[in-house]
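First up is the structure itself, then whatever we jot down about it.
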Amino acid sequence: MEIVDINSLREFLYGDQPLHFSYKKADGAIREAVGTLNPDLIPDKFKPKDSSRNTGTNLKYFDLEKEAWRSLQMDASTVWV
């Protein structure tokens, strides 16, 4: 696995396939996720209602395993893909 920055993670999450990644949360716990930002991979009932951009250091992504929106704070997290 490789450590990535927020811009790379955002780019990977918009890919054609779900992204398997892990991140270290602020409390030190490691969270594994399968997520996406690609609208074609998000079930219709969970698609965003507005067109707000996902910017800054707080990254929102759709967790395909939990079927829920999640977020991570990149300035407090280490992310591996």
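The values are calculated or read from the model by the stated rules, or taken from the named source; none is laboratory data. No experiment lies behind these values; they were computed from the predicted model shown. Using ideal geometry, Cβ is built from the backbone for each residue, glycine included, and neighbour counts are taken over all protein chains shown. Calculation scope for accessible area: heavy atoms of the full protein, side chains included, ligands and nucleic acids excluded. Shrake-Rupley method; radii C 1.70, N 1.55, O 1.52, S 1.80 Å.
Within the range 68-78, which residues are open to solvent by 30 Å² or more (accessible area, probe 1.4 Å) and not hydrophobic (A, V, I, L, M, F, W, C)?
Those that are open to solvent by 30 Å² or more (accessible area, probe 1.4 Å) and not hydrophobic (A, V, I, L, M, F, W, C): Arg70, Ser71, Gln73, Asp75, Thr78.
Look at the range 1-11 and say how many of its residues are open to solvent by less than 80 Å² (accessible area, probe 1.4 Å) and either in a loop (DSSP other than H, G, I, E, B) or touching a helix residue (DSSP H, G or I) at 6+ places or on another chain (Cβ under 6 Å) (or both).
1
How about the range 12-67: which strands (runs of 3 or more DSSP E) wholly inside it have at least 1 residues that are open to solvent by 100 Å² or more (accessible area, probe 1.4 Å)?
The strands (runs of 3 or more DSSP E) meeting that bar are 19-24, 30-36.
Residue under question is Val81, and the condition is that it be surrounded by fewer than 17 Cβ atoms within 10 Å (Cβ to Cβ), under 18 Å from Asp5 (Cα atoms) and touching a residue at least 60 places away in the same chain (Cβ under 8 Å); does it hold?
Criteria met by Val81.
Does Lys60 satisfy the condition of being over 10 Å from the mean Cα position of the chain (by Cα), charged (D, E, K, R) and on the phi < 0 side of the Ramachandran plot?
no
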